[in-house]
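Take a look at the structure set out below.
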Number of protein chains: 2
Amino acid sequence: MASYPEILQKLIILFRKLPGVGRKTAERFAFQIISWQKSDITFFTDLLQNIGSALTFCKTCGAISDSTACPFCDERLRNSSLLCILASPKDIYTIENTRIFNGMYHVMKGLLSPLDNRGPEELNLPALEKRIETLPLKEVILAFDSTLEGDATALFLKDLLERKNILVTRLALGMPIGSSLDYLDEGTLSKALASRRP
Amino acid sequence: MASYPEILQKLIILFRKLPGVGRKTAERFAFQIISWQKSDITFFTDLLQNIGSALTFCKTCGAISDSTACPFCDERLRNSSLLCILASPKDIYTIENTRIFNGMYHVMKGLLSPLDNRGPEELNLPALEKRIETLPLKEVILAFDSTLEGDATALFLKDLLERKNILVTRLALGMPIGSSLDYLDEGTLSKALASRRP
């Protein structure tokens, strides 16, 4: 069995750590990198070397930022009675880009996942509880993926937050815009039917 | 519109240069990289920095190699009357792993592609012609993808090689092993029918 040169094999192992990248894709990536110009490779290594120092995680909300002041934590510019809890810093940008939310954010450290042995103690709840005490909250939006892990975490947080008399909401379930009934799964369709609007 | 920190945006642009990676995938890759451990990042940058010097392209066949002697060009170990022409160095490993080919290889510099303005002058034909003169060839196998570009290049090389009285063959077209008739396109099925064997 002919095997790739060692450096390529290492590169393939590394590429496989990226989400959704299997062996075949990682191999294609590695062979593509070989054909890159030297300037692109240098640009790539520079970025990787600087990424650790260029980015910081906001100690309050968990967002990433390249400045000392977190762009999402300024209470003078944003509605501090509304808090959106998310699973990853990336999701902040997705919510921001809808342009209809102007509240505060809080990024959890991952989601509950019994299969991966991640229980409540891994969610960094003290940080969230401190956050809830500091903000004059009226509503908390749980904006997690509609997955088993997202649902479990939402359920867990709902109990925790409702005990503090805060309105807890989740993203609506229903048909995605542009979708066709034909391709919709039954679960989504049931939700869309049950939540129908005049 | 909230935009990602600048360093992430640059990383996303770079990831999009990888084959089959669109904006959403590149964004996921970039956010994944942020969560990597420092040791993985260092390992990654080291590999990228060394890849240029660690790998060489064989001047004879175009294969990549991490040693000075090309592992695929030793005429004492391989059948020099058989030449397999391919589109990329990666394809050599794919052919090698079938274990039924023990001839020589020659990697073309890309394929003919009228759409991308790549004509015969970009294929580095002098190198191929020199190769054909040096080897005691009986057969040349054109092992290109079964695509428009692959077909065009094969047709072009067939004319060129047959004028030199060399037997030119291509990979057989037919059903992939494990495939079901239901999902086979008509073109492939026609070829499989026409080339049926007792």
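Here are a few things to note about the model shown:
- Based on the Kirkwood approach, the hydrodynamic radius assigned to segment A:65-170 is 14.3 Å, with every pair of different Cα atoms included.
- Each Cα pair under 8 Å and six or more residues apart adds its sequence gap; the mean of these over the residue count of chain A is a relative contact order of 13 percent.
- Across B:Lys109/B:Lys191; A:Lys10/A:Lys59; A:Lys10/B:Lys164; A:Lys38/B:Lys138; A:Lys109/A:Lys138; B:Lys24/B:Lys59, pairs whose alpha-carbon gap is larger than 31 Å: A:Lys10/A:Lys59; A:Lys10/B:Lys164; A:Lys38/B:Lys138; B:Lys24/B:Lys59
- When A:Ser53, B:Ser3 are arranged by Cβ crowding within 10 Å, least crowded first, meaning fewest neighbours, the order is A:Ser53, B:Ser3.
- Qualifying GluC sites (Glu not before Pro) for segment B:75-165 [loop in DSSP, other Cβ within 10 Å: at most 12]: B:Glu75
- To the nearest ten degrees, helix A:125-134 and the longest principal axis of the Cα atoms of chain A are 50 degrees apart.
- The phi-based Karplus calculation (6.51 cos²θ - 1.76 cosθ + 1.60; θ = phi - 60°) puts the 3J(HN,Hα) values of segment B:150-156 at x, 5, 4, 5, 4, 4, 4 Hz, whole numbers, x for Gly and Pro.
- Helix A:6-15 axis, angle to chain A major axis (alpha carbon atoms, nearest 10°): 10 degrees
- Simple rule: put +1 on each Lys or Arg Cβ and -1 on each Asp or Glu Cβ in chain A, find the dipole, and look at A:Thr60, A:Cys70, A:Thr147; the Cα lying farthest toward the positive end is A:Cys70.
- Sorted shortest first, the separations between the A:Leu189 label point and its copies elsewhere in the assembly read 2.9 nm; each point sits 7 Å from Cα along the Cα-to-Cβ line.
- Partner shielding of A:57-64 amounts to 1, given as the average count of beta-carbon atoms from other chains within 10 Å of each residue beta-carbon.
- Projected label points at A:Ala172 and B:Ser3, each 7 Å from Cα along the beta carbon direction, are separated by 3.2 nanometres.
- Chain A residue nearest the rotation axis toward B, with distance: A:Thr45, 2 (Cβ to axis, whole Å).
- Dipole in debye (nearest 20) - chain A, about Cα centre, beta carbon charges: Lys, Arg +1; Asp, Glu -1: 160 debye
- The tail of the calculated P(r) for segment A:112-198, taken as Cα-Cα distances beyond 17 Å, holds 59 percent of the pairs.
- Divide the volume of the convex hull around the Cα atoms of segment A:10-73 by the residue count and you get 118 Å³ per residue.
- The A:Arg76 and B:Leu148 beta-carbon pair, evaluated with R₀ = 45 Å, returns a calculated FRET efficiency of approximately 0.15.
- Per residue of the protein assembly as shown, the DSSP helices (runs of n ≥ 4 H) give a summed -39500 (n - 2.57) that works out to -12500 deg cm²/dmol at 222 nm.
- Nearest 10 degrees, 0 to 90: helix A:38-54 Cα axis against chain A principal axis: 40 degrees
- Rounded to the nearest 5, the antiparallel percentage of DSSP beta bridges internal to segment A:65-170 is 5%.
- When chain B is treated as a Gaussian network with alpha carbon springs shorter than 10 Å, the biggest mean-square fluctuation among B:Ile33, B:Ile51, B:Ile177 belongs to B:Ile177.
- Other-copy label distances relative to A:Gly119, 7 angstrom Cα-Cβ extension, nm: 7.2
- For A:Thr169, B:Thr25, order by how many other beta-carbon atoms lie within 10 Å, fewest first: A:Thr169, B:Thr25
- Highest-MSF residue in chain A out of A:Gly187, A:Gly103, A:Gly20 [GNM, Cα springs under 10 Å]: A:Gly20
- Put in order of Cβ neighbour count within 10 Å, fewest first, the listed residues A:Arg196, A:Arg170, A:Arg16 become A:Arg196, A:Arg16, A:Arg170.
- Stokes-Einstein D (µm²/s) once Rh is taken as the Kirkwood radius of segment A:1-129 over alpha-carbon pairs, at 25 °C in 0.890 mPa s: 136 µm²/s
- Hz values of 3J(HN,Hα) by residue in segment B:161-169 - Karplus curve (6.51, -1.76, 1.60), Gly and Pro given as x: 7, 5, 5, 9, 6, 10, 5, 10, 10
- Dividing the convex hull volume of the alpha-carbon atoms in the protein assembly as shown by its residue count gives 217 Å³ per residue.
- Each Cα pair of segment A:89-136 feeds into the Kirkwood radius, which the Stokes-Einstein equation turns, at 10 °C and 1.306 mPa s, into a diffusion coefficient of 127 µm²/s.
Read the figures in this text as sums done on the coordinates, not as results from a lab. This one's a predicted model, so the numbers in the text were calculated from it and none came from an experiment. With ideal geometry, Cβ positions are generated from the backbone for all residues, glycine too; neighbour counts draw on all protein chains shown.
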